[in-house]
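Just dropping this structure here.
The values are calculated or read from the model by the stated rules, or taken from the named source; none is laboratory data. Quick caveat, the model's predicted, so the values are computed rather than measured. All Cβ positions, even for glycine, are placed from backbone atoms using ideal geometry, and neighbour counts span all protein chains on display.
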């Protein structure tokens, strides 16, 4: 251990310099009212967007910026109590959950949410787990999220949408507090932990993706709690070491049956942290505990894969393989680096670049601080340095984004986990970076708040929802949440009620997500050629017969616009970033002239065709 | 309040909640009573059974642990239940009550030196009178915040519902079970006003007489239709307006799907 005298972290700055500002920033009631007002502004923006008013973006952005500034001022305050810091991160998470609900208050609209809806619906219908989900095959064998939601439905008879919303909101809000506790153990400082937890919650997918009805939401909470518990050095000292291990094991087990990727990442994290602790801090109780839990995690995960979840290996293996291949071959297998938004040349791209640069600098500064000056006690100091080392995963994520096929999506997903580590470095950099030089000390907080705002805005530009659907109400065909409206929802519900479950239905990406959820269909979202071809060729007839396609759903609007997300239909990952055009009108009307094909439904924009009588040639 | 008393309270709540839920109360009440039974009580009972104590510098930690453990316990418990019995209201209720009460019993049994109670400890984070603000001030702030958020929720519900409820008219045909080869033709009016509509049947290439119908707001009209070997084109319009609202192209059915 280092013999350098421990320097205290400035938890509470001297009163005089910050007295005037501190009264404002630590006034939690003002923050609470301000954030509530910000949320109302966002709601006004959403309302304006749904009415197609041109001013809608203004209250939306003002609301977010106001909220972020108030929360940022509070969390960077040197005089805020520990309880106050927990309250601030809870307010941040609660606002994110509320805004997520405000974005889609009537039903789930993101395709993954609709996939999990189908799994939950099947549990409620059949009263058993593991029914096949044709749209997301691994979902039924990782049923944690759906079990909690359906148990709530079974007990209370509230709807599945309400139950799912409550479950993910509770998970999302609790996760912010759990992240605070974890980062508190790592950093040894409530102030740094508060800022780090605040930054963690600003990673691009956290507000808009991790607050959705998806299995990652509860799994992240379980993984974070397991990790925090494992790093707890207080429990063994008070004779509760066995309880600590039991708690971590229960959370690990719950995480393993809830989400594959989160479980894999956290188990690897347990092992890596354990090894690094052993190397840097000696093979003490914490290192042993981490490695033992990693081993237990591997055993439990293996048992689960053997028992039920064998499909997860190929589900995770394919994107992992293409990612590694892309990086090794320096991008020769890469699609573009851009998220769908960037394909459209959005005006906010510069914010993403700026935020990336700021984050990269802060991660480097935090590393430099921690590896030059150990803070707190020896255990926490070693932990902080380990997290700062692991924060370099951020640069790996940037590499994945640049070089891997479908790198944009993969990097976004990986950033969620990397943020647990980068947030520690950023926290140290923002608290201890500028004040290194006495002449810059008075600029420390304004710069910190400015950096937080930049990171927030950059995350908004590169995160979820995509920039072209930040505000709801503008329909775009097959465009994630924006691709769901009354026409395709009611069409799918008519199909389910009148034709029945289990049919193979060809459709665009959004309609297929709806069909899987509400019509219990077996959706086929990857037969774009059936639409794009202006004539019905013998190859298409052969495809219909070979794949056993029974019905086809046409959205007239496919011919009225280019796909804003790049594709109307599912494509291979190596086509990520390429763009399709609008479907020619002839491609949508050709079915009328084919003997044996019937149009059995029409509501204006949406038609449903029965393909079962189509001739062989 | 000590942890023994809290354990008794949690166990009593679990039993009371189960009884209330079995009486089929309105959804709102059921949600308020039932949500903590799923999302909080099992984990809280387990925290007490494991004797996880509070820690300075980690406010509300046991409450957060309770939520996480409730999720984990439900996920794992459901997998176990599924092996033996269906996952329904009965099995879930028994599971939550039994697990919660068992853990509370352990907490009560082992409580020689009860740790500070989790619920009381969590409540302790609220500002005290004369501490970070007077109680009355906090009540006033809570009222203001609730009013703002209530306005937010109301605005969201109203505007999103208005945006979603665009008028929609559906024309559909589903096969009638049996060998008749008929289809049930239906028109659904998903708007807030009645619609006078016209159905025109073009059998083969011969226009047939039309049929005027009136479908009430949020209502449905249906009729069985025989489809000949020539097929039928069904066109839905408004009387006096040639622009078709919807069109069906029906041929003799290949058989049930």
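What number of residues within segment B:26-46 satisfy the criterion of being surrounded by 20 or more Cβ atoms within 10 Å (Cβ to Cβ) and more than 9 Å from chain A (Cβ to nearest Cβ)?
The total comes to 5.
Could I ask something else about it? In segment A:104-193, which helices (runs of 4 or more DSSP H) lie fully inside it and hold 3 or more residues that are at the interface with another protein chain (Cβ under 9 Å from one of its Cβ atoms), at pLDDT 95 or above and in contact with a helix residue (DSSP H, G or I) (Cβ under 9 Å, 6 or more places away or on another chain)?
By residue number, A:144-156, A:160-187.
Where the second residue is at pLDDT 90 or above and surrounded by fewer than 22 Cβ atoms within 10 Å (Cβ to Cβ) and the first is over 18 Å from residue A:170 (Cβ atoms) and more than 7 Å from every other protein chain (Cβ to nearest Cβ) and lies in segment B:48-66, which pairs have Cβ atoms under 7 Å and are six or more apart or on separate chains?
B:49/B:106
For residue A:500, only one of the following conditions fails: (1) closer than 19 Å to residue A:599 by Cβ; (2) in contact (Cβ under 8 Å) with a residue 24 or more places away in the chain. What is its number?
(2)
Within segment B:138-158, which residues are touching a helix residue (DSSP H, G or I) at 6+ places or on another chain (Cβ under 8 Å) and facing chain A (nearest Cβ under 7 Å)?
Correct list: B:141, B:144, B:145, B:148, B:149, B:151, B:152, B:155, B:156.
Something else about it: Looking only at segment A:56-79, count how many residues are assigned to a helix (DSSP H, G or I) and either farther than 18 Å from residue A:189 by Cα or without any contact (Cβ under 8 Å) to a residue 24 or more places away in the chain (or both).
Number satisfying all stated conditions: 15.
Please give the helices (runs of 4 or more DSSP H) falling wholly within segment A:385-499 in which 2 or more residues are touching a strand residue (DSSP E or B) at 6+ places or on another chain (Cβ under 7 Å).
Because the criterion is at least 2 residues that are touching a strand residue (DSSP E or B) at 6+ places or on another chain (Cβ under 7 Å), the helices (runs of 4 or more DSSP H) in segment A:385-499 that meet it are A:486-498.
Would you mind finding the one in B:94, B:79 that is at the interface with another protein chain (Cβ under 7 Å from one of its Cβ atoms) and either over 30 Å from residue A:179 (Cα atoms) or touching a helix residue (DSSP H, G or I) at 6+ places or on another chain (Cβ under 9 Å) (or both)?
Among B:94, B:79, only B:79 is at the interface with another protein chain (Cβ under 7 Å from one of its Cβ atoms) and either over 30 Å from residue A:179 (Cα atoms) or touching a helix residue (DSSP H, G or I) at 6+ places or on another chain (Cβ under 9 Å) (or both).
If residue A:498 passes every condition in (1) at the interface with another protein chain (Cβ under 10 Å from one of its Cβ atoms); (2) surrounded by fewer than 22 Cβ atoms within 10 Å (Cβ to Cβ); (3) modelled with pLDDT of 95 or more; (4) touching a helix residue (DSSP H, G or I) at 6+ places or on another chain (Cβ under 8 Å) but one, which one does it miss?
(4)
Could we say that residue A:198 is assigned to a loop (DSSP other than H, G, I, E, B) and more than 10 Å from chain B (Cβ to nearest Cβ) here?
It is false that residue A:198 is assigned to a loop (DSSP other than H, G, I, E, B) and more than 10 Å from chain B (Cβ to nearest Cβ).
Condition test on residue B:119, is it within 30 Å of the chain's Cα centre (by Cα), modelled with pLDDT under 80 and not in a loop (DSSP other than H, G, I, E, B)? Reasoning before the result, please.
Numbers: within 30 Å of the chain's Cα centre (by Cα): yes; modelled with pLDDT under 80: yes; not in a loop (DSSP other than H, G, I, E, B): yes.
Criteria met by residue B:119.
Hey, can you tell me all the residues within segment A:44-55 that are surrounded by 21 or more Cβ atoms within 10 Å (Cβ to Cβ) and in a loop (DSSP other than H, G, I, E, B)?
Within segment A:44-55, no residue meets the criteria.
Consider segment A:246-277. How many of its residues are more than 10 Å from every other protein chain (Cβ to nearest Cβ) and either part of a helix (DSSP H, G or I) or modelled with pLDDT under 95 (or both)?
Qualifying residue count, segment A:246-277: 19.
Which is out of contact with any helix residue (DSSP H, G or I) (no Cβ under 8 Å at 6 or more places or on another chain), more than 14 Å from chain B (Cβ to nearest Cβ) and touching a residue at least 40 places away in the same chain (Cβ under 8 Å), of A:463, A:458, A:528? Spell out how you get there, then give the answer.
Values: A:463 fails: out of contact with any helix residue (DSSP H, G or I) (no Cβ under 8 Å at 6 or more places or on another chain); A:458 fails: out of contact with any helix residue (DSSP H, G or I) (no Cβ under 8 Å at 6 or more places or on another chain).
None of the others qualify; the one that does is A:528.
As an exercise: evaluate residue B:252 against (1) under 15 Å from residue A:599 (Cβ atoms); (2) assigned to a strand (DSSP E or B) and give the number of the one condition it does not meet.
All conditions pass for residue B:252, except number (2).
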